[in-house]
Amino acid sequence: KHIRELDQDINDAMSDPEKEAAKRLTQIPGIGEDSAKIIISVIGVDMSRFPTDRHICSWAGISPGNKESAKKKLSARTTKGNKLLRSTLVVCAHSAVMKKESYFSSLYNRIAAHRGKKRAIVAVGHSILKITYHMLKNGESYKELGSNYYQAKTKESKIKSYLTKLENLGIEIPEEYRNQALQMS
């Protein structure tokens, strides 16, 4: 009963734009009603404070660290930031990767294979926050990219790269074959 009363108090305290934004955020896999309310309570609905999605990710402490000195990598820790938002995004990321054949699960699997599970979860949380930023800034709905997003995105660039490598090796490729290869992408 006490939890229901607190939930009602939270709903009463939220403005209409905040309620609408929270409802829109629940379209993102992994974000439930409570998580959406937490995210909105921390970052608000006005994204003009953050010039880019990188700024909000850094502020939230969900950006990967990249400190180098004399070409030696010293640390790959994330930046310090808002602990509540960061922990909420990590929980959302854990939930999001459970949905098979989704953008987040393929992102997680791709990164976890090389960098580890914890870094992959932080990367998924980073992606969720970037998507949240753009949804709130532009008033858009969530659009699932699918598990084949990275393969489709890089197919054309790989074909161009391989054609260039073949030409650099001295292999002449007729224009008709070049065009046919580029049309396949």
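What tally of residues in the stretch 32-53 results from selecting those that are assigned to a helix (DSSP H, G or I), over 15 Å from the mean Cα position of the chain (by Cα) and within 16 Å of L84 (Cβ to Cβ)?
So the count comes out to 9.
Quick check: anything in the stretch 134-151 in a helix (DSSP H, G or I), more than 13 Å from the chain's Cα centre (by Cα), exposed (fewer than 14 other Cβ atoms within 10 Å of the Cβ) and at pLDDT below 85?
Within the stretch 134-151, one or more residues are in a helix (DSSP H, G or I), more than 13 Å from the chain's Cα centre (by Cα), exposed (fewer than 14 other Cβ atoms within 10 Å of the Cβ) and at pLDDT below 85.
Pairs under 7 Å by beta carbon, first residue more than 23 Å from H55 (Cβ to Cβ) in the stretch 108-132, partner surrounded by fewer than 15 Cβ atoms within 10 Å (Cβ to Cβ), six or more apart or different chains?
R110/Y150
Filter the stretch 54-97 down to the residues that are at pLDDT below 90, at negative phi and assigned to a loop (DSSP other than H, G, I, E, B) and list them by number.
Passing the criteria: I62, S63, P64, G65, N66, A76, R77, T78, T79, K80, G81, N82.
Name the single residue, out of those in the stretch 152-183 being aliphatic (A, V, I, L, M) and more than 27 Å from S105 (Cβ to Cβ), that is modelled with the lowest pLDDT.
Per the stated criteria, the residue is L182.
Quick check on the stretch 130-165: of everything there that is touching an Asp or Glu at 6+ places or on another chain (Cβ under 9 Å) and among the hydrophobic types (A, V, I, L, M, F, W, C), which residue is farthest from Q27 (Cα to Cα)?
L136
Which residue is nearest to L136 (Cα to Cα), if the candidates are limited to the stretch 17-31 and must be among the aliphatic types (A, V, I, L, M) and assigned to a loop (DSSP other than H, G, I, E, B)?
My answer is I28.
I'm trying to understand the selection: among the residues of the stretch 155-185, which are free of Cβ contacts under 8 Å to residues at least 24 places away in the same chain and either among the aliphatic types (A, V, I, L, M) or not in a helix (DSSP H, G or I) (or both)?
Those that are free of Cβ contacts under 8 Å to residues at least 24 places away in the same chain and either among the aliphatic types (A, V, I, L, M) or not in a helix (DSSP H, G or I) (or both): L163, L166, L169, G170, I171, E172, I173, P174, A181.
In the list S95, S87, which residue meets the criterion of being loosely packed, with under 14 Cβ neighbours inside 10 Å, among the small types (G, A, S) and either closer than 18 Å to I38 by Cα or more than 14 Å from the chain's Cα centre (by Cα) (or both)?
S87
The values are calculated or read from the model by the stated rules, or taken from the named source; none is laboratory data. The shown structure was predicted, so the numbers you read here are calculated from the model rather than taken from an experiment. Neighbour counts run over all protein chains shown; Cβ positions are idealised from the backbone, glycine included.
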